[in-house]
1. Hey, can you tell me all the residues within segment 243-256 that are touching a residue at least 12 places away in the same chain (Cβ under 8 Å), surrounded by fewer than 17 Cβ atoms within 10 Å (Cβ to Cβ) and not in a loop (DSSP other than H, G, I, E, B)?
2. Just checking, does segment 245-255 include any residue being touching a Pro at 6+ places or on another chain (Cβ under 7 Å) and at pLDDT 95 or above?
3. Failed condition for residue 125, given (1) within 18 Å of the chain's Cα centre (by Cα); (2) free of Cβ contacts under 8 Å to residues at least 40 places away in the same chain, with all others met?
4. Would you be able to say whether some residue in segment 223-237 is acidic (Asp, Glu) and under 27 Å from residue 144 (Cβ atoms)?
5. So in segment 89-123, with the set limited to residues that are closer than 19 Å to residue 44 by Cβ and among the hydroxyl-bearing types (Ser, Thr, Tyr), which one is surrounded by the most Cβ atoms within 10 Å (Cβ to Cβ)?
6. Could you check segment 257-269 and list, in sequence order, the residues that are of a type outside the set (Gly, Ala, Ser), closer than 20 Å to residue 212 by Cβ and in a helix (DSSP H, G or I)?
7. Identify all residues within segment 183-196 that are surrounded by 20 or more Cβ atoms within 10 Å (Cβ to Cβ) and either modelled with pLDDT under 95 or farther than 19 Å from residue 249 by Cβ (or both); write none if there are none.
8. Kindly provide the set of residues from segment 187-225 that are touching a Ser or Thr at 6+ places or on another chain (Cβ under 8 Å) and of a type in the set (S, T, N, Q), ordered by number.
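The values are calculated or read from the model by the stated rules, or taken from the named source; none is laboratory data. Because the structure is predicted, anything quoted here is derived from the model rather than measured. Here the Cβ positions follow ideal geometry from the backbone for every residue, glycine too, while neighbour counts run over all protein chains shown.
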Amino acid sequence: MERIKKYLPYILLVILAIFTFSIWFFLFNNHKGQYLKVVFLDVGQGDAIYIEAPNGKQMLIDGGPDATLLSSLSKVMPFADRSIDIILATHADMDHIGGFPLLLDNYKITNVIENGAKGDSKIYTSLEEKIIKKKINKVIAKRGMKIVLDKKRNIYFDILFPDRDVLNFESNDGSIVGKLVYGENSFMLTGDATTYTENLIGWNESDATLKSDVLKLGHHGSRTSSSTPWLEKVKPEVAIISVDKNNKYGHPHKEILDRLSSLHIPYLKTSDLGNIVFRSDGVKLIEAK
């Protein structure tokens with residue numbers, strides 16, 4: 001009995017260590033399963049889309065305007081997870097990359113994808129310096145690239161634009177546009193792509209390629225995007241508008257909301273709902289909070 005008492009503190013320490021390890025293991029692995037998770041993050045007047053494949057691989061498209069990104073991510077990522085496989089900046093505007101420098105300070109990022117155009121802000125310069133300093137693999141997006149997130153389940157992000165050098169494009173015109181696909185379900189993700197960009201993509205791609213269940217409207221519901229021909233080609237079951245309530249730009253513009261109504265396309269706004277979460281098993285698409 002005395003011997004047991006002598007070693008009791010050590011026994012308790014071992015039990016505590018096993019218990020702690022079990023919790024961390026659970027936190028890292030309980031997010032894996034059959035579902036693809038896509039979250040349109042509420043980051044105010046900006047864009048950020050978190051994607052998590054069933055195998056646990058993660059991708060973040062755009063980083064919002066500021067540190068709001070980190071608080072939004074904390075609500076959808078496993079507590080102890082401090083790494084993201086891929087981040088993608090659709091273009092270099094502040095409301096799409098503003099949260100990325102701080103993200104790189106707090107998370108291990110393996111790959112970054114950009115459109116090849118340069119930004120003129122201090123945030124852009126800071127981001128590029130951190131990418132170099134941290135030796136993050138950088139890829140310039142081009143039409144035809146397929147970013148495989150889950151090989152077993154054939155989940156991938158198909159780059160539809162740029163189809164050319166966009167170095168001298170107006171910033172929004174050069175936005176990366178891609179389609180996330182899992183079985184019968186798909187998401188068209190557009191950055192701030194304008195009607196000009198939509199037309200370029202429409203000339204290159206078939207209607208079947210563009211058809212998607214979910215469409216993130218370009219440029220926060222601005223009249224510069226989401227033309228009628230584009231909406232008719234994509235034919236979404238629901239449109240997402242990433243926007244801040246009472247923003248100074250008047251987004252989403254009334255013309256766009258009227259256009260969606262005339263085409264019988266329902267829409268959801270992050271300003272109303274906060275993070276908008278979708279889950280897919282490759283057959284059925286579920287909106288869930």
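1. Across segment 243-256, the qualifying residue is only 255.
2. No, every residue in segment 245-255 fails to be touching a Pro at 6+ places or on another chain (Cβ under 7 Å) and at pLDDT 95 or above.
3. (1)
4. yes
5. 90
6. Passing the criteria: 257, 259, 260.
7. 185, 186, 187, 188, 189
8. 190, 194, 195, 197, 199, 212, 224, 225 - these are the residues of segment 187-225 that are touching a Ser or Thr at 6+ places or on another chain (Cβ under 8 Å) and of a type in the set (S, T, N, Q).
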